[in-house]
Amino acid sequence: NYLYIATGDGGAANDPKKRSQDLSSYLGKLLRIDVSPKTGYRIPRDNPFKNKANAKSEIYAYGLRNPWRCSWDRKTGDFYIGDVGQNQWEEINFMAAGKGSGANYGWRLREGLIATPKNGVGGNKPSQAVDPIYVYKHGTRSNQGLSVTGGYVYRGPIKKLQGKYFFADYANPRIWSFELKNGKAVNTEDWTDRLRPQKGKINSIVSFNEDQDGNLMIVCLNGKIYMITAE
């Protein structure tokens, strides 16, 4: 039983101590540990940096800024990471099932698909770097936001939603989806108006969840939880 732990870069703007790219730090990483109850805490044998000098053996991938909600596609085993941006871009990072060991998602050198737009911070795309599969710019338009909340690929009972990855923005209350085709995000849709409750609006989305049947739920900061159901 492997446990995956996503960590932020420590919080200071633009990661001044370069922790996300530093393999001797646990910050800005995706960690993977073995938590089998029979053996206790162990490092998986195939972790990419196990027993390497000046690297934490728990690290599975790195180069994250503020990963806010990660999820598995229960059908394919693919892994999605919502990573909150700093200056201009929000991003969804992706790890295909059985792949991604040692991946570098680029921060602090990269934000979205560009060099981080801060003097002395951004740089060329590093080796092993993996671009996000989806990005959106900071702003208040319907296709923009300020703080991504990663979601889930829908695998519930509603056929027309099958395979759509739902996600949201915390600050600009929008809910979107896209589909993954040949490793690319396509068919982006805005669901904000279609998913309005009978009263009020869905604001400050902090998480998504799914039940054992694949029904998708939206979790808000005020404690309200909404389930997506058929019309």
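The values are calculated or read from the model by the stated rules, or taken from the named source; none is laboratory data. All values reported here derive from a predicted model rather than from experimental measurement. Cβ coordinates were reconstructed from backbone atoms using ideal geometry, including for glycine residues, and neighbour counts include every protein chain displayed.
Annotations
- Of the residues screened, residue 26 is not one that is in contact with a Leu (Cβ under 7 Å, 6 or more places away or on another chain), among the hydroxyl-bearing types (Ser, Thr, Tyr) and either surrounded by fewer than 19 Cβ atoms within 10 Å (Cβ to Cβ) or part of a strand (DSSP E or B) (or both).
- Among residues of segment 130-159 that are in contact (Cβ under 8 Å) with a residue 40 or more places away in the chain and over 19 Å from residue 180 (Cβ atoms), those with a Cβ under 9 angstrom from a residue that is among the basic types (Lys, Arg) and assigned to a strand (DSSP E or B), sequence gap 6+ or separate chain, pair up as 142/174; 145/137; 145/174.
- Residue list for segment 176-224, filter: of a type in the set (S, T, N, Q) and either free of Cβ contacts under 8 Å to residues at least 40 places away in the same chain or loosely packed, with under 15 Cβ neighbours inside 10 Å (or both): 177, 182, 187, 188, 198, 203, 204, 212, 222
- Subset of segment 18-38 [closer than 17 Å to residue 121 by Cβ, of a type outside the set (Ser, Thr, Tyr) and touching an Asp or Glu at 6+ places or on another chain (Cβ under 7 Å)]: 19, 27, 28
- Out of 68, 107, one residue alone is more than 12 Å from residue 169 (Cβ to Cβ) and either aromatic (Phe, Trp, Tyr) or part of a strand (DSSP E or B) (or both). It is 107.
- In segment 39-62, residue farthest from the chain's Cα centre (by Cα) [restricted to those that are more than 26 Å from residue 121 (Cα to Cα) and charged (D, E, K, R)]: 52
- Only residues that are within 11 Å of residue 66 (Cα to Cα) and of a type outside the set (Asp, Glu) were counted across segment 15-29, and they come to 4.
- Annotation note: Cβ proximity below 9 Å between a residue of segment 45-56 that is over 16 Å from residue 29 (Cα atoms) and a residue that is in a loop (DSSP other than H, G, I, E, B) and among the polar types (S, T, N, Q) (sequence gap 6+ or interchain) occurs for 46/101; 51/57.
- Residues of segment 64-83 classified as of a type in the set (Val, Ile, Thr) and either surrounded by fewer than 22 Cβ atoms within 10 Å (Cβ to Cβ) or on the phi > 0 side of the Ramachandran plot (or both), total: 1
- Odd one out for residue 80, checked against (1) without any contact (Cβ under 8 Å) to a residue 40 or more places away in the chain; (2) under 15 Å from the mean Cα position of the chain (by Cα): (1)
- Residue in segment 126-140 that is outside any loop (DSSP other than H, G, I, E, B) and either closer than 24 Å to residue 224 by Cα or small (Gly, Ala, Ser) (or both) present: yes
- Per this entry, residue 4 is not counted among residues that are under 15 Å from the mean Cα position of the chain (by Cα), over 30 Å from residue 161 (Cβ atoms) and of a type in the set (Phe, Trp, Tyr).
- Flag for residue 61 being crowded, with 19+ Cβ neighbours inside 10 Å, closer than 26 Å to residue 116 by Cβ and at pLDDT 95 or above: yes
- Subset of segment 29-52 (residues that are surrounded by fewer than 17 Cβ atoms within 10 Å (Cβ to Cβ) and part of a strand (DSSP E or B)): 34, 42
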